[in-house]
1. Counting pairs of Cα atoms in the range B:221-264, how many percent are more than 14 Å apart?
2. Can you tell me the Rg and Dmax of the range A:127-188, counting just the alpha carbons, in angstroms?
3. Using r as the Cβ-Cβ distance of B:ALA360 and B:GLN198, and R0 as 41 Å, what FRET efficiency do you calculate, to the nearest 0.05?
4. Rg over Rh of chain A, using C-alpha atoms and the Kirkwood radius, what does it come to?
5. Can you divide the C-alpha Rg of chain B by 2.2 N^0.38 Å and report the result to two decimal places?
6. Along the positive direction of the dipole of the range B:336-446 (beta-carbon charges: Lys, Arg +1; Asp, Glu -1; about the Cα centre), which of B:VAL368, B:ILE437, B:PHE407 reaches farthest?
7. State, in angstrom, two size descriptors of the protein assembly as shown derived from its alpha carbons: Rg to one decimal place and Dmax to the nearest whole number.
8. Using unit Cβ charges (K, R positive; D, E negative) and no other charged atoms, how large, in debye to the nearest 20, is the dipole of the protein assembly as shown about its Cα centre?
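Read-outs throughout are calculated quantities, based only on the coordinates presented, and are distinct from any laboratory measurement. Quick caveat, the model's predicted, so the values are computed rather than measured. No Cβ is skipped: glycine too gets one built from the backbone with ideal geometry, and neighbour counts run over all protein chains shown.
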Amino acid sequence: MGLSMGLEEKLPSGFLLTTVEKLAGYMRKNSLWPATFGLACCAIEMMAAGAGRYDLARFGMEVFRASPRQADLMIVAGRVSNKMAPVLRQIYDQMAAPKWSIAMGACASSGGMFNNYAIVQGVDHVIPVDIYLPGCPPRPEMLMDAILKLHEQIGNEKLGANREKIIKEVEAAALAAKPTHQLNGLLA
Amino acid sequence: MTTFTDPYASSQETTEGRVYSVTGGDWDSLVTEIGATKEERVVVNMGPQHPSTHGVLRLILELEGETITETRCGIGYLHTGIEKNTEYRNWTQGVTFVTRMDYLSPIFNETAYCLGVEKLLGITNDVTERATVIRVMMMEFNRISSHMVALGTGALELGALSPMIFAFREREKVLDIFELVSGLRMNMAYVRPGGVAQDLPAGALSKIKQTVKDLRHNFKDNEKLLVGNSIWIKRTQGIGYLDLAGCTTLGITGPVLRSTGLAWDLRKAQPYCGYEDYQFDIPTTDTCDVYGRFLIRMQELEQSLRIIEQCVAKLEKLEGQPVMVADKKIAWPSQLSVGADGMGNSLNHIREIMGESMEALIHHFKLVTEGFRVPAGQVYTAIESPRGELGVNLVSDGGTRPYRVHFRDPSFNNLQSTAAMCEGGQVADVIAAVASIDPVMGGVDR
Amino acid sequence: MSEKGMFGVSGSGDTSGFGGLVNSTVITGSTQRPFGTYFDQVADDLERAYPLFSDAIEKVIVDRGELTLFVKRDRLFEVAKILRDELRFEMCVGVNGVHYPNESGRELHAIYSLLSITRNQRIRLEVSVSDQDPHIPSLVEVWAGTNWHERETYDMFGIIFDNHPGLTRIMMPDDWPGHPQRKDYPLGGIDIEYKGATVPAPSERRSYR
């Protein structure tokens, strides 16, 4: 699982060598508590993912905390209307860092089929999103796939000075990136 | 106590007095602060994000101690503008929009819409019997899956955790059937104007028979857990009282109306889709409370299984019948099926429209790009969804797109009764009462 | 930059890709007696109970097996009360609004669907008002369930229901401008502001120009 360094097999038993980052990542990803932010149809599939057949408890995630203060992961499941958007932002702000978010479903990722006055065209207008999960609604297995990808991301997250370095690099890359209208695709 | 420094928890002066936002901290300090103002009433906001409010429902409660003096519902947090969006799509695409309104009973939304479109088209009698029986079967399965969510989440909100797991286990069996027949677990867009999108696959009927047997056996688990349970009875008997007069003036239908003793079910009173040919009962109780509605929902599950068995028997006799009206001008845009050429047309037809007839080419072009036309008029169709009367007001101007689609969703009316049910009771009973109404906010807000 | 081409959206904000065939929608015509099935009985009972029937009912349409009574707005309250008390239409199932911008003087229609449980009958009342004077008397005193329905019709169409106990927006946020389901309101709505940045309405965003 990427935690140990392989040196332990050569030494007398009882040792485990790892890095702080890997240990913290391991702890964080294996008991990630989701906040209940089920809005519409995707919420039902999220509940089905937490129920008996597609069990989220095997990943330590069956406790959907109602209070955002106790939650790590916000799965925005469903269409966010313009009336709900400030509430969404408030709940996200109330979550304590470290926090992650998954935009579950087409409506949360991009507004889905509802290109109208009432729906926020993607919750990334309102909160920062780590994983976008398409589907209408995504099957529980798709949701688990998204969660596992997020687990990988969390397990590999850097801390401390390394984290600052990564943030600076990502920002520099984004600022220097080629704008979409200049991209030429494979024919360039 | 962070009533002044937290950006979300500041207190403000309003026309109604001082409003506090509490987001954590010591309850005592809040109480002493309120005590200093000599206000007896406290307005509590059970905001749109709350584990026990069945979706994004905002309940504004005015409390005096533990008793509720006034309660209001704030809705609209899931308003999606579906009704306006349908005006910009053609009639078949309307099905995919409409199915996402009341997302726990998608087949009912679709069927109500399609029955309305068929009424406007005048083809109600041309819909084949096989299609009608398939619609009835899918509707009854949907009733079972919707009641499972209602029972499961209702029990969960009152603290019973196991019924939720059992209910979702049964629901998964029903979703397997949905996936087998239509391809999707939820929001299937399976019922189309004129029939259904595709026929049952091979082996579906035997799988359905097996599922019915399993469900009938497993419903007893939940019954044993809750029906005679003294804690459940204490929390649900006498709670959320709404008698017949209240129901009729508020326009409430469904299990809430049937818990007052009136056996009003549109499947028996104003039958549609051939419901007059099926044998089933209408469960009623006359206690007008949460426990009565819970019992009604449990008994409706068994009645739905009865109807499904009769549907399966009929379908075995109707093997080979088409599942869409014969008129291809309506059938093809409705089914949008992929044919031999990858686009839904037979090669003979392509030869005809490309080589022989200009008019045929024009017709084909208009049909593919715009869909079928519906003659002008206005229609109201109502069916019995798990929550009550689901009505559709359709207005057509003779074109290829709806002019106005309005859904009279049962949860919208039923939720209006929270004030009548909860005022004078205790805070904890609000949860039970709202759970017994079983509102689905997608239908309330559309 | 005035390119023309396939991409981009203008006008109504319709991104479905289908053309812009504009139909003028005026549903005309009036049905003469006999109406058929129970509609005659309903009309007779109403006439008997409400002597000003011919003054109040503008026209009657029986179409596709359904009866629609077009009522003048100042008589609506009395007709509704009589329908509830004498003709046993205990339940008002819902209130719907429709906007016909081409029918000048009668643009906004409010449609009340009524159900009689005792007699198993359904009828519909339709009231039309103009954009300049969109007032209709509220029927909350007759059927309490119309409370939220009238709020929704006000929110979506701008029809003001007089004597409504609390006519506010119910679906849209309380300070939303405009009435979204009117035909002259764009599908994409208004520009949304997020903490200082303004994002154009969804109907404008598919523009590749």
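1. On the way: 541 of 946 pairs.
Above the 14 Å cut-off, the range B:221-264 has 57 percent of its Cα pairs.
2. According to the Cα coordinates of the range A:127-188, Rg and Dmax are 16.2, 42 Å.
3. Values: r = 26 Å, r/R0 = 0.63.
So the FRET efficiency works out to roughly 0.95.
4. 1.04
5. The reported ratio for this selection is 1.11.
6. The Cα lying farthest towards the positive end belongs to B:VAL368.
7. For the protein assembly as shown, the Cα radius of gyration and maximum Cα-Cα distance read 28.1, 104 Å.
8. 1800 debye
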